[in-house]
1. Is it the case that the range 6-16 has a residue that's out of contact with any strand residue (DSSP E or B) (no Cβ under 6 Å at 6 or more places or on another chain), part of a strand (DSSP E or B) and at pLDDT 95 or above?
2. Restricting attention to the range 43-68, and to residues there that are in a helix (DSSP H, G or I) and surrounded by 22 or more Cβ atoms within 10 Å (Cβ to Cβ), which single residue is farthest from the chain's Cα centre (by Cα)?
3. Of all the residues that make up the range 219-242, how many are touching a Lys or Arg at 6+ places or on another chain (Cβ under 9 Å) and of a type outside the set (Asp, Glu)?
4. Which members of the range 206-222 meet the condition of being loosely packed, with under 10 Cβ neighbours inside 10 Å and closer than 13 Å to Phe103 by Cα?
5. Residue by residue through the range 205-232, note down the ones that are among the basic types (Lys, Arg) and either modelled with pLDDT under 85 or touching a helix residue (DSSP H, G or I) at 6+ places or on another chain (Cβ under 8 Å) (or both).
6. Could you pull out the residue among Phe258, Phe198, Phe202, Phe235 that is surrounded by 16 or more Cβ atoms within 10 Å (Cβ to Cβ), in a helix (DSSP H, G or I) and at pLDDT below 95?
7. Are any of the residues in the range 163-184 within 19 Å of Leu61 (Cβ to Cβ) and in contact (Cβ under 8 Å) with a residue 60 or more places away in the chain?
8. Criterion first (touching a residue at least 60 places away in the same chain (Cβ under 8 Å) and part of a helix (DSSP H, G or I)) does Leu153 satisfy it?
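The values are calculated or read from the model by the stated rules, or taken from the named source; none is laboratory data. From a predicted model like this one, the values you see are computed outputs, not experimental measurements. Using ideal geometry, Cβ is built from the backbone for each residue, glycine included, and neighbour counts are taken over all protein chains shown.
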Amino acid sequence: MSEAIQTKAEKILVVTDLTDHVGTIILNNATRRNALSETLLDQIIAALADFKTKGARVIVLRAFEGASVWSAGHDIKELPQGKEDPLGYSDPLERALRAIRSFPAPVIAMVHGSVWGGAFDLVASCDMIIADETCSFAITPANLGLPYNTTGLIHFLGRLPINLVKEMFFTAAPIKGDDALRWGIVNHLVSSAELVEFTMTFAKKITLKAPLAIAVVKEQLRVLADYQPIAAQVFERLQDMRREVYESKDYIEGVQSFLEKRPAVFTGE
């Protein structure tokens, strides 16, 4: 039965369904190309909490049917414009990533269309990705002069080769279909006509397995993948480097140029 997830009397941006232990979360904000606003992210978190209570054994995270853009990424209008960390621990995107990664059942991203910026981190934080030939994935902080956080980089390093992580962050260019499969970004690449049926059949197979065993393996893998010992002084140096970037003129220029729909002019200051 489908439901709408709504928090604090806000606009409904996420639609959910729970059938045969498979929970589906549909990003449903066509007017903003599913931009990751605080409202939308809070509704994803609320949906996950609801599914946990109801004992869902698999979650499928997808965009509304026919979306050419799976998500345009972080809602740029909500980013702080200087003097404040745009990706701090309490940022809505960071909270949603933790909710997905710690959810005690597999979360599958079903991708039709393009995935941009922070939405790629959201998709990569899912346990598996099933996509079709329309998919593309781009991580775009270099377009904004935005210093991506260390936690996010660890997410990508845990999933992809470091040379690909560097290429994607340095160029902000999208990786498409066959290349996404070759690099291991996606688990399965199928035709658009098969995407929904393939994904739901895949999800239902998981629901037949032992949920407690799956939950503990997922948590073990999360802890092992996230365990990156960094000396306190090294972490502080990285944070200081990031602070210099988000307090820079380039970061302000990157955000303003995006909002004004013009090319950014970066000066390195």
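1. No, because not a single residue in the range 6-16 is out of contact with any strand residue (DSSP E or B) (no Cβ under 6 Å at 6 or more places or on another chain), part of a strand (DSSP E or B) and at pLDDT 95 or above.
2. So the first thing to find is which residues in the range 43-68 are in a helix (DSSP H, G or I), and the list is 43-54.
Filter once more, keeping what is surrounded by 22 or more Cβ atoms within 10 Å (Cβ to Cβ): 43-44, 47-48, 51.
On the way: Gln43: 14, Ile44: 11, Ala47: 15, Leu48: 14, Phe51: 19 Å.
In this case the residue turns out to be Phe51.
3. Pass one, the range 219-242, residues touching a Lys or Arg at 6+ places or on another chain (Cβ under 9 Å): 222, 225-226.
Next, from what is left, pick out any that are of a type outside the set (Asp, Glu): 222, 225.
Of the residues in that region, 2 qualify.
4. Hit for the range 206-222 is Leu212, nothing else.
5. Looking only at the range 205-232, we keep the residues that are among the basic types (Lys, Arg), and these are 205, 209, 218, 222.
Within the range 205-232, Arg222 is the sole residue that qualifies.
6. Numbers: Phe198 fails: at pLDDT below 95; Phe202 fails: at pLDDT below 95; Phe235 fails: surrounded by 16 or more Cβ atoms within 10 Å (Cβ to Cβ).
After ruling out the rest, the residue left standing is Phe258.
7. No, there is no match, as no residue in the range 163-184 is within 19 Å of Leu61 (Cβ to Cβ) and in contact (Cβ under 8 Å) with a residue 60 or more places away in the chain.
8. Details: touching a residue at least 60 places away in the same chain (Cβ under 8 Å): no; part of a helix (DSSP H, G or I): yes.
No, not satisfied.
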